[in-house]
1. How do 38, 220 line up, fewest other C-beta atoms within 10 Å first?
2. Rounded if a/c is under 1.5, else prolate if a/b beats b/c, else oblate: with a ≥ b ≥ c from the C-alpha gyration tensor eigenvalues square-rooted, which is the stretch 71-141?
3. Any idea how far apart residue 139 and residue 308 come out in nm if each label point goes 7 Å out from Cα toward Cβ?
4. At R0 = 22 Å, how high is the FRET efficiency between residue 489 and residue 445 if r is their beta carbon distance? Nearest 0.05 is fine.
5. May I ask you to derive the relative contact order of the stretch 1-155, considering only C-alpha pairs under 8 Å and at least 6 residues apart, and to give it as an integer percent?
6. Please rank 158, 522, fewest neighbouring Cβ atoms within 10 Å first, as an exposure proxy.
7. Treat each spin label as a single point 7 Å out from the Cα along the C-beta direction, and report the residue 202 to residue 125 distance in nm.
8. Once fully extended, how much extra length lies between residue 113 and residue 527, figured as 0.36 nm per residue of separation less the alpha-carbon to alpha-carbon distance?
C-alpha cells in the first residue's frame, strides 16, 4: 500500500522570530485516510524557498529537542521555531521539509508552503472603526459591514487605529515604520484596478502625505469613493502594510487587513408626513375637491412617493466618481404610472401621455406604407418588424394593426446596415437569427478578476457567434485586437466572463468572427467602439459602454418612408 505525508496543521505564513508555532503531520494511505498502527520516525528540516539549499541548522529548532515521529494513531504533533527573521537572511522565505522512511524502505516526504519570518506585526483596532448599518450587515452573506459613504459628507471615513506589536502582543514604540494602504476585493484578495477610489489621510499638522508609524501608533482615515455595486457587488477590505519600496528595512513587519466592508451611497428612507399640531378633525370631514380625490386615489400617492425617492437616487453629488445609469429606474416608474396613475386621469387630460401613434386614414382604402415617426417601441418589436419586412410580409408582425399596417400590406425593401444592436455573426455585421436562448449563469472568479485588466476595447453591441444564433454578450478585446472575453448584464452591473471560461459559450470559429466584427466596426467608425485610451479607468470604460447599450436597446426606430 502506498503512503504519503501531509500537513494537517501547516506552518503559518508569517511566524515570529523565536515564537514556537504548532505543526501537525499525518500519514495518509491510498484511500486518502489517516493510517494508524505504523510508527515512522521523521526528520524536520528548514530550506530556502527554492528548495535547493538548506538554511543554517542553528536557526531552526524543535521544542525540547524532541524526536518527531508518526505515532500509532497516524499523526505527529510538534512545535517549531526559527531564531532569525527573513530580513536577516537576505530577506528570503523558507519552507519546512518533513521526511521519513517506512519499514519496507519506502520514503515519504512533504514540503510546506513558503513562509516569511517576522519580528513585528501591524494591528488594526477592531478591524477598523466605522459607522455601519447593523440591520443590513446581518443580511450580508460575507458578514461585510454595510457602510454608507455619502451619509455624513465627504469627510466621512473608516478610522484605522494602527499599532505595532511583537509576536507576544507587546506594543513596540521605538520602531518607526513607513506604511501604505491597498484596497482589495474581499473574496478574491485581488487588488482593485483603480486604487484612486481609496483615499487616505491623517490629522497630522505637518502637511505631509507620508504615512509613518511613530511611537508605535498612527490613526489613519480611509474613505472608499466608489460603491460595491460598480464592482459587481463585491465587498472590499483595506490592507495596511509596510512600504517596502520606500523603506526596505521594514520587511520584517507583517501587514494587517480591515474587516470586510460593503460600500453603498446612502439609504433611502420613506418620507413621512410631519405630525400635525392642529386640533383633531370633526367627525364630518369637509367636502373633498377633485384635486384631493386624485392625490388620494389608490396607488397615486405611492407613485408620487416613489418618484421623489427615485429623484433622490438619480441626483448627482459632487463627490460621486460616476453616475449610475437611471434607465431601469425610469422604466419602473413609467410602468407604475401606467398601472396606478393613468386610470385616474380624465380621458382628455393633457398630462396623460398617449402611448400609440395614430394614423388618420381609412383602413379600407389602399395606401402607401405610412411613416412611423420615431415611435417608442421595444427593441424586440423593432427587430421583428425588420425581419418581417425582409421576408416580404407583415402578417406575423406584432403590433402592426396598432400603427396602421394591415396584414395584407406589402412593405418596401428594407436595407439593413450595420446593426445598432448586434455585431459578429457569419458575415461580421450582426446578422443571424434566434436570440431567445438562455445563457448560463456566471459569478466572478479569481480567474475573471485576473483576466479583466487585459481589456482595452469593448464593442457595445451584442456579439453573435459564427453560428449566427443567440448573442453571447458584449465582446471585449486586448490591445492586440484579440478577443479576451465577454461582458454581460448581471442585474444592472457589467460582469466579465473570460473567453476561456465554458460559460462564455465561445467556440474556435468565434474568434476570427470577433476579429472581423472588430475590424468592421472600426472601419465604419461605429460609436459602439469604446477604447480604454479615452477613459480614466476600466470602470469608467464599462460604464460608458453599458450606457451606450442601454440607450440602444430599450427603443428602436423604424422608418418606412
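Every number here is computed from the coordinates shown, using simple stated rules; none is lab data. As the structure is a prediction and not an experimental result, all values here were calculated from the model. With ideal geometry, Cβ positions are generated from the backbone for all residues, glycine too; neighbour counts draw on all protein chains shown.
1. Sorted ascending by nearby Cβ count, the order is 38, 220.
2. Details: a/c = 3.70, a/b = 1.75, b/c = 2.12.
Here the stretch 71-141 falls in the oblate category.
3. Result for the modelled spin labels: 2.2 nm.
4. Efficiency, rounded to the nearest 0.05: 0.75.
5. Rounded, it is 26 percent for the stretch 1-155.
6. Fewest to most other Cβ atoms nearby, the residues stand as 522, 158.
7. Result for the modelled spin labels: 1.5 nm.
8. So the extension gain works out to 144.0 nm.
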